[in-house]
Every structure is written in structure tokens, then in C-alpha cells.
Amino acid sequence: AIPLSEGVMPEAHQLTELQLALLRVLWDRGEATVVEICDALRPARTLAATTVATLLSRLERRGIVTHRTAARQYVYAPAVTEADVRHSMLSELTEQLFDGDVTELVSHLLSASEMSADDLEKVKELIANHEARQEVSDDAR
């Protein structure tokens, strides 16, 4: 099995779809109040401000968001990047569903989805770029 990342295992950031929706608002805006987050989620989701506040409080306890106080309101900001969350969640998914084997994950993605010739070309380019970076890294050792 090929590990998803060599070395350090990322901090686990397993999030629900709703938690991710809140974080996406924060990633897009940089920071936002509960009311601003509620407004940004409408009309797709109509949530009570108390629900959003509770979710943010739980995310803050986990170190995923932070807040500052401005005009007697909490202004929330992300404490983790979208890339960190993607990496963590994908690592966990790969571990759980593919026994940590990245080649199995990639094989599944290639066989289970309709991939256009353009998408396949982009994947080949990503692999070539990754191999080139590895060669540079190996030469530096």
C-alpha cells in the first residue's frame, strides 16, 4: 500500500456536510458573524441562528474555527485551511475504504466515473508534475 502522505498524519478533521457548508462560507469571506453565515447559506439552507451558533461553538472547541468579538457579536474565522481539511478527510477515507492504498483509490476513481479525455489528460499532467517534483526532491538529498 502506498501511503497518502509520507511522514506526519494530519490532524483529523472529519466534518459533516453542514459543518463543511459553514466552513466554506468562512473560507470564502475570511470571517463572518452567525447572521452573515445564515444569510450566505440561504436559500439552499434555512437554519436558525442558534443552530449555526451551536455548530460554530462545537467547531471552535475542536480548534477548527476561532472567534473575536466585535460590537457585541462573535465574528468567526477558519482556523484550518480547506487544503488541510481535504487532506485529512481524504486520508481517513483512503484508510477506511481502501486500507490506506492510494493506488486502489485512484483505480476506483478512474473506473467508477465518467472521465472525459480532457480530465484524463489533466490527471496525466498532475502525475507528471508530481514525478518531476519527486525527482528534484531526490536530487537534493
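Of note:
- Take the range 97-141 with all the other protein chains still there, run a 1.4 Å probe, and you get 86 Å² of accessible area per residue.
- Carbon/sulfur fraction of accessible area - the chain, other protein chains in place, 1.4 Å, %: 52 percent
- In order along the range 70-81, the phi-based Karplus estimate (6.51 cos²θ - 1.76 cosθ + 1.60, θ = phi - 60°) of 3J(HN,Hα) comes to 9, 6, 6, 10, 7, 10, 8, 9, x, 9, 10, 8 Hz; Gly and Pro are listed as x.
- The residue 97 and residue 49 beta-carbon pair, evaluated with R₀ = 35 Å, returns a calculated FRET efficiency of approximately 0.45.
- Net charge dipole size for the chain [Lys, Arg +1 and Asp, Glu -1 on Cβ; Debye, nearest 20]: 1120 debye
- Long-range amide H partners of residue 66 with built H, under 5 Å: 77, 79
- Calculated over the chain: convex hull of Cα atoms, volume per residue (Å³): 166 Å³
- Per-residue [θ]222 nm for the chain (sum of -39500 (n - 2.57) over DSSP H runs n ≥ 4, rounded to 500): -20000 deg cm²/dmol
- Under 5 Å from the amide H of residue 13 lie the amide H atoms of 89, each residue being 5 or more positions distant or on a separate chain, with H modelled from the backbone and absent for Pro and chain starts.
The values are calculated or read from the model by the stated rules, or taken from the named source; none is laboratory data. Computed from a predicted structure; not experimentally measured. For neighbour counting, all protein chains shown are included, and Cβ atoms are generated from backbone atoms with ideal geometry for every residue, glycine included. Ligands, DNA and RNA are stripped out before the accessible areas are found, and what is left, the full protein with its side chains, is counted by its heavy atoms. Shrake-Rupley method; radii C 1.70, N 1.55, O 1.52, S 1.80 Å.
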